[in-house]
Structure formats: structure tokens, C-alpha cells
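S.K.: If you scroll down you'll find the structure; I have some questions about it.
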Ligand SMILES: [Zn+2]
């Protein structure tokens, strides 16, 4: 499919100053600013939004009316004022919910999440290796979860998946750790539940959640590394999330570090992820302690928590593997921050020193990005799945929806400055 370059009209913008953009972009950003002000200050008086956002009263009023109409915010109660009319208060609509699905090989975690990002219900299921049967299980569980909240409305379903997803078609492009045959997961779930569905790579979903939560406000260059059965990355460069052609960017996990290394699920040998994923730690533990067993990462982490030397060494071995590949990522992208998601963050005290040591070697001796763990790391992917729906009013979402038949090279600038836009004349 040929790229339509005209679909990337947004120029990089600076922060802390009036910015120029198309009128459509400006509307989206201003809506995002108003929603963010309500979300962070709720309950907030309508009249105070003008001061909080720096937008014109008429602009705020139009956006608030639209958000009320869309059921995203509700009016209720009045604020106390020393004199004058008591203003109406606005809050996020707690009755509007989303369904979130985080897919792993052989299991999926599902949740009901409200517009404030609160988890109202959550449970895990095992799923068959076959994609059609796995999808049927997921759909059945989603219907069951929705049934528990039948007095509520649902905005949509967010799905995070260990693979790369074409943002235009929502089709899975690659997913070596799932080994699924081609299948229209998006249409199946959408048709069965009758809700909009947003599928995204698990790492990208985690990064959206961090952006949505405001964790990366002011940061323009970051990399998120999700470590589980595989290793994936999500990229924020110059304030833009990079998806690449057909959503395929970020597959550093399958760059070869050692051509004679262990076999990888992608069919090659010695990829970064065979040295850095949870399978690397479990393999190392099995080799160093053949008389003992740790069949899951949770078991290995429990052993490390009791200072089991072999378990700690296995995690440090994995951390070394992560560091080796991360040097390549850092060389390519020079992020200010590297965020980590996944089970391994549960043993961060054992992992971080090894990573720092790996990254202190030349040529990175004089520069090290901040190494941080994602918020709520155990649920980061699930939170990311919810964020795919929750950030409906962000330009991340707007861009992927608007160009449903086209292919953006990069997502537009994520608005971080929280300053109003000036329309291009
Ligand atoms: Zn590979």
C-alpha cells in the first residue's frame, strides 16, 4: 500500500510557547487539554477551566458541551463561592467503562477499567495456542465481564498483544511468540461485543499508558522496554511515538547479537530476546541448578526474594542480556529515559545495578539515560490496553482513527506542553 505523505501534516512544535498547527489538530489538542484539566482537578468548576487551560471561554464551553454529549464527563453539584452564582462542577463519568485485554502466549488477562484508570474487575484465563479458539475464549470472558457491569456503558475494548499491529488495518503483522496463523482478531471481537476495538503492540500500549498518566510530561525522547516471554520496545522520539511502516518499528528484540546463539521463536538464532527475555533467566537457572526447578518467572522471582543465590544470579544474567541489547537501542535513539515493564521489575534491586554497569561501558561512558520502572509494572500492559481506549481524545488515537485507510509514518506530536494552540492563518 503506497504511503500518503500528505496525511502527516503536523510539524514538530516547541514547548511553553504558542504553537501552530492545522485547525483540526488544534481542536483535538484543545479537547485533550480540557479533558486533562478535568481529569486531574475533578470535580472542577466549568468557569475555572478557562484559567486552568488558558483557552478562550467560548472554546472551553464548546469542548465541555461536546464531552458531556459524548458521555465522557458529567455535570453535578455546585462549587461554594463567597459571592455570585455558584458554578457547576464537572467530573469524569464514572459510569462509562472500558474493557482491557492483555494477551500473552497461553494466557490472557482481562479487566474492566473506568475513565479514571481504576480497575474495577480483573481476571486471568488460559488460552489455547490456536488463534481461533483463543479468540473464542477471550470473547466469552469479555462477555462475562461486561455482564457483571450491565448497568454501565462501555466505551470500547483495548487489546495489547505481543506482536506488531498495522495501525491502519488493525491486523497483526508479526507475533513470533504467539505463533498465530493469520486471523482477523479485530473484527471477531468487535462483531461479538459490538464495541470499538483498538489493538496495539504491548510495548506501545504501555508507552501510551505512561504518556496518558502524565508520567512523561516534558520528556521528548524515551524508550520503553517490555520484558516477558519476549523483549519489545516502544519509541518516543522528539515527542512522537514511532510506529514505522505498517506498525513494524521497535522490533529490536529480534536483532541478532550472536549468530550461533540459542534458537529464537522467530526462526533465527541469537536474537537479543533469547538473552534478555524471561526464558533466558529460566534457562540459566535450569543449567546452574539442575537439581531444582523454576518453571515460571514468578517462581524465580519468589526464590530471588529469599536471596536464593542461583535465582539472583539467573536474574542478573538476564539483566546483563538486556543491557547488551540496550546498548544498541541507546546508540540508535539516545533516549533521555528508559522505562522498563514486565515481571523482572519485581527484582529491580538485582537488575538495575547490572544494567547500569553494562551501560557505563564505552561509548556510553559519559551519558546514561535515566532507568525507570513503569507505573504499576505488574499491570503495565493491561493498563496500556485500557489506555488505548482512554486516550480517545488524544492525538495518538485521533491520528490512528482518522487515517483508517492510510498509513502514517509516525504518530503526530504528543501534546505535552499543555499550552493552547494558535490556529494557522
Ligand atoms: Zn528472534
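S.K.: Taking the criterion of being touching a helix residue (DSSP H, G or I) at 6+ places or on another chain (Cβ under 9 Å), within 16 Å of the ligand (Cβ to nearest atom), modelled with pLDDT of 90 or more and in a loop (DSSP other than H, G, I, E, B), would at least one residue in the range 276-290 satisfy it?
M.R.: The answer is yes; a qualifying residue exists.
S.K.: Determine whether the range 180-201 contains at least one residue that is within 16 Å of the ligand (Cβ to nearest atom), within 16 Å of the chain's Cα centre (by Cα) and within 16 Å of residue 102 (Cα to Cα).
M.R.: yes
S.K.: Kindly evaluate residue 325 against the criterion of being outside the structural domain of residue 164 (by TED's automatic domain parsing), within 16 Å of the ligand (Cβ to nearest atom), out of contact with any helix residue (DSSP H, G or I) (no Cβ under 6 Å at 6 or more places or on another chain) and within 26 Å of residue 173 (Cα to Cα).
M.R.: On the way: outside the structural domain of residue 164 (by TED's automatic domain parsing): yes; within 16 Å of the ligand (Cβ to nearest atom): yes; out of contact with any helix residue (DSSP H, G or I) (no Cβ under 6 Å at 6 or more places or on another chain): no; within 26 Å of residue 173 (Cα to Cα): yes.
No.
S.K.: Yes or no: the range 336-352 includes at least one residue that is in contact (Cβ under 8 Å) with a residue 24 or more places away in the chain, within 16 Å of the ligand (Cβ to nearest atom), under 27 Å from residue 160 (Cβ atoms) and assigned to a loop (DSSP other than H, G, I, E, B).
M.R.: no
S.K.: Still on this structure: Is it the case that the range 254-272 has a residue that's surrounded by fewer than 24 Cβ atoms within 10 Å (Cβ to Cβ) and away from the ligand (no atom under 16 Å from the Cβ)?
M.R.: Filtering the range 254-272 for residues surrounded by fewer than 24 Cβ atoms within 10 Å (Cβ to Cβ) gives 254-270.
The next check asks that each one be away from the ligand (no atom under 16 Å from the Cβ); those that pass are none.
No; the residues of the range 254-272 include none that is surrounded by fewer than 24 Cβ atoms within 10 Å (Cβ to Cβ) and away from the ligand (no atom under 16 Å from the Cβ).
S.K.: Looking only at the range 227-248, count every residue that is surrounded by fewer than 21 Cβ atoms within 10 Å (Cβ to Cβ) and within 16 Å of the ligand (Cβ to nearest atom) and tell me the total.
M.R.: 2
Residue-wise test of (1) part of a strand (DSSP E or B); (2) at pLDDT 95 or above; (3) buried (at least 17 other Cβ atoms within 10 Å of the Cβ).
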residue: 76; (1), (2), (3): yes, no, no
residue: 80; (1), (2), (3): no, no, no
residue: 86; (1), (2), (3): no, no, no
residue: 111; (1), (2), (3): yes, yes, yes
residue: 123; (1), (2), (3): yes, no, no
residue: 133; (1), (2), (3): no, yes, no
residue: 138; (1), (2), (3): no, yes, yes
residue: 150; (1), (2), (3): no, no, no
residue: 158; (1), (2), (3): yes, yes, yes
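S.K.: May I ask you to say which residue of 370, 349 is surrounded by fewer than 17 Cβ atoms within 10 Å (Cβ to Cβ), farther than 24 Å from residue 219 by Cβ and under 25 Å from the mean Cα position of the chain (by Cα)? Give the derivation first.
M.R.: On the way: 370 fails: farther than 24 Å from residue 219 by Cβ.
None of the other options fit; the residue is 349.
S.K.: Take the residues in the range 291-321 that are assigned to a helix (DSSP H, G or I) and free of Cβ contacts under 8 Å to residues at least 24 places away in the same chain, then tell me which one is surrounded by the most Cβ atoms within 10 Å (Cβ to Cβ). I'd like the intermediate steps shown before the answer.
M.R.: Filtering the range 291-321 down to residues assigned to a helix (DSSP H, G or I) leaves 297-305, 309-321.
With the extra rule that they be free of Cβ contacts under 8 Å to residues at least 24 places away in the same chain, the set shrinks to 299-300, 302-303, 309.
Values: 299: 14, 300: 27, 302: 15, 303: 21, 309: 11.
Only one residue tops the list, namely 300.
S.K.: Scan the range 203-226 and tell me whether some residue there is within 16 Å of the ligand (Cβ to nearest atom), in a helix (DSSP H, G or I) and either crowded, with 24+ Cβ neighbours inside 10 Å or modelled with pLDDT of 95 or more (or both).
M.R.: The first filter runs over the range 203-226 and keeps only residues within 16 Å of the ligand (Cβ to nearest atom), leaving 203, 225-226.
Applying the additional criterion that residues be in a helix (DSSP H, G or I) yields 203.
Restricting the remaining residues to those that are either crowded, with 24+ Cβ neighbours inside 10 Å or modelled with pLDDT of 95 or more (or both) gives 203.
Yes: one or more hits.
The values are calculated or read from the model by the stated rules, or taken from the named source; none is laboratory data. Everything numeric here is computed off the predicted structure, so don't read it as measured data. When we count neighbours, we look across all protein chains shown, and the Cβ atoms used for this are built from the backbone with ideal geometry, even at glycine.
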